[in-house]
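Visitor: This is the structure, below, for whatever I ask next.
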Amino acid sequence: MKRKEKKEQCCGCGACAQVCPKNCIVMKPDREGFPYPETAGEGCTACGLCEKVCPVPEKMPRGNSVPGCCVGYAEDEEIRACSSSGGVFSLLAGAVLGPGGVLYGAASDEEQGVRHIRVDSASDLCLLRGSKYLQSRTGDTFSQARADLEAGRTVLYSGTACQIAGLKRFLVRDYEKLYTVDVLCHGVPSPAVWKKYLEWQVKRHGAGRVQRVSFRNKDHGWKRFAMELVFDNGRTYTKVHREDPFMQMFLGNICLRPSCHACRFKGLDRPSDLTIGDAWGVDSVEPGMDDDKGTSVILIHSAGGEKLLAEAAQGIRLRRTEVERILPPSADSRKSVAPHPGRKKFFRALNLLGTGVFSLWRFRNTAGKIKRKAEKLAGR
């Protein structure tokens, strides 16, 4: 396997590791904590499959360049309340699980990392709900999904657009019973930053570990979503995203994977059947669909996506809209975000200071708020 000349050329989907017939490719973290493929051992036969399966070098054949577009939310208030936006994924998943299908999606592990898992029971659907602002480890789920498809089962595979592209390259051919759903993605932050953040929070709260994480707690409303951590000593931390250091770092583009700044899968033309995400502009585009409990935007890229949405539509309040209105060209989901100018310095500080960077970040932002408030009071 040829090492990529630039880290922007690897999205970390793991397709190369899963396709290797000798199992001699492993995903190892670099100094910034992002996983990259490396050849392990001497089993490599130079078959070239790892290069062929990589989704980054060239764009994949896509569906319609201007997709159909809807906004909507689950009519079941319980589903909507425990979902990050409108709960549409749960209804799509239910439409596949009901007839005996299988789901693949991102779930938190015991260490609060994120990995893809296989779900074939409605009781486990809750594991896949909710946004997880980390890059999920796909493991061997591409292989598992292919085995399910070859056995004639219906499969819904969800993930970021680059993961869906990796899956499609891995599978080589189309499967009638495969549905793919990607999420509108800002980018993926460093797992090392997340790990240090959790260590910092555990120490601050006198706990042994974090038992549960919600990146999108909606107790303060959908638009003022909060980071929530539940610790093993019974304490809970909740901060709206504008006040939490990890969310500030993530949304400020200071700790994203290099490929996210040169993403080949953003835009309206995507490799999936459906794209789902937050309909942040719904209050001005379709105000009747906004009650601050969460509304999803749904992009339809294929006939298969239209079919799956129709099967789930009975439980969704839907309204057709124009994609250019709900996702204007300026939206992060349509273009790569620029790296923070202090990105390199930040990672150097992380390696030198460890969890100390969060205390400094917190103080810096608090000091900035005090300064702005003082200036306002002084009439400046």
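Rule-based calculations on the coordinates, nothing more; no lab input. The structure displayed is predicted, hence computed values, not measured ones. FYI the Cβ positions are ideal-geometry reconstructions off the backbone, even for glycines, and counts take in every protein chain you see.
Visitor: Please go through segment 319-353 and write out the trypsin sites (Lys or Arg not before Pro) that DSSP classes as loop and that have at most 12 other C-beta atoms within 10 Å.
Guide: Counting only loop positions with at most 12 other Cβ atoms within 10 Å, the trypsin sites (Lys or Arg not before Pro) in segment 319-353 are 335.
Visitor: Hey, can you grab everything whose amide H is under 5 Å from the amide H of residue 40? Only 5+ residues off in sequence or another chain; H modelled, so Pro and N-termini drop out.
Guide: 25, 26
Visitor: Please give the length that would be gained between residue 352 and residue 7 if that part of the chain were fully extended, namely 0.36 nm times their separation in residues minus their C-alpha to C-alpha distance (nm, one decimal). Mind showing how you got there, number by number?
Guide: Numbers: separation 345, 0.36 × 345 = 124.20 nm, distance 2.22 nm.
Additional length available on full extension: 122.0 nm.
Visitor: What are the ³J(HN,Hα) couplings of segment 210-227, residue after residue, when phi is run through the Karplus curve with 6.51, -1.76, 1.60 and θ = phi - 60°? Round to Hz, x for glycine and proline.
Guide: Those phi angles translate into 8, 8, 8, 10, 10, 6, 9, 4, 10, 4, 9, x, 5, 6, 10, 4, 10, 7 Hz.
Visitor: Just to be sure I understand, if you calculate Rg/Rh (Cα atoms, Kirkwood Rh) for this structure, which of (i) 1.00; (ii) 0.96; (iii) 1.05 do you get?
Guide: (ii)
Visitor: Here's another thing I want to ask about it. Once the piece of chain linking residue 42 and residue 115 is laid out straight, how much longer is it, given 0.36 nm per residue of separation minus the C-alpha distance between them?
Guide: On the way: separation 73, 0.36 × 73 = 26.28 nm, distance 2.76 nm.
Stretched fully, the residue 42-residue 115 segment lengthens by 23.5 nm.
Visitor: Reachable aspartates and glutamates from residue 7, Cα under 18 Å, same-chain residues fewer than 8 places away excluded?
Guide: Of all the aspartates and glutamates, those that pass the test against residue 7 - Cα under 18 Å, at least 8 places apart if same chain - are 30, 32, 38, 51, 58.
Visitor: Could you go through segment 13-22 in sequence order and give the Karplus-derived ³J(HN,Hα) for each residue, using 6.51 cos²θ - 1.76 cosθ + 1.60 with θ = phi - 60°, rounded to whole Hz, and x for Gly and Pro?
Guide: 5, x, 4, 5, 5, 7, 7, 4, x, 9
Visitor: Turning to a different aspect of this structure: GNM, the chain, Cα, under 10 Å: largest mean-square fluctuation among 279, 165, 207?
Guide: In this elastic network of the chain, the residue with the biggest mean-square fluctuation among 279, 165, 207 is 207.
Visitor: Just to be sure I understand the model, the point goes 7 Å from the Cα along the line to the Cβ. What's the resulting residue 338 to residue 122 distance in nm?
Guide: For the pair residue 338/residue 122, the computed spacing is 5.0 nm.
Visitor: Taking only C-alpha pairs under 8 Å that are 6+ residues apart, what is the relative contact order of the chain in percent? Could you put the intermediate results ahead of the total?
Guide: Working: 703 pairs, mean separation 81.5, N = 380.
Answer for the chain is 21 percent.
Visitor: Positive end of the charge dipole of the chain (Lys, Arg +1 and Asp, Glu -1 on Cβ, about the Cα centre): tell me which of 229, 310, 183 has its Cα farthest that way.
Guide: The residue sitting most towards the positive pole is 229.
Visitor: Which one, 48, 304, 234, has the greatest fluctuation when you compute a Gaussian network model over the chain with C-alpha springs under 10 angstrom?
Guide: It is 234.
Visitor: Okay, next question. Strictly over 26 Å apart at the Cα level, which of 28/132; 168/307; 52/196; 168/196 would you flag in this model?
Guide: Values: 28/132 21 Å; 168/307 19 Å; 52/196 35 Å; 168/196 34 Å.
Where the Cα-Cα span goes over 26 Å, the pairs concerned are 52/196; 168/196.
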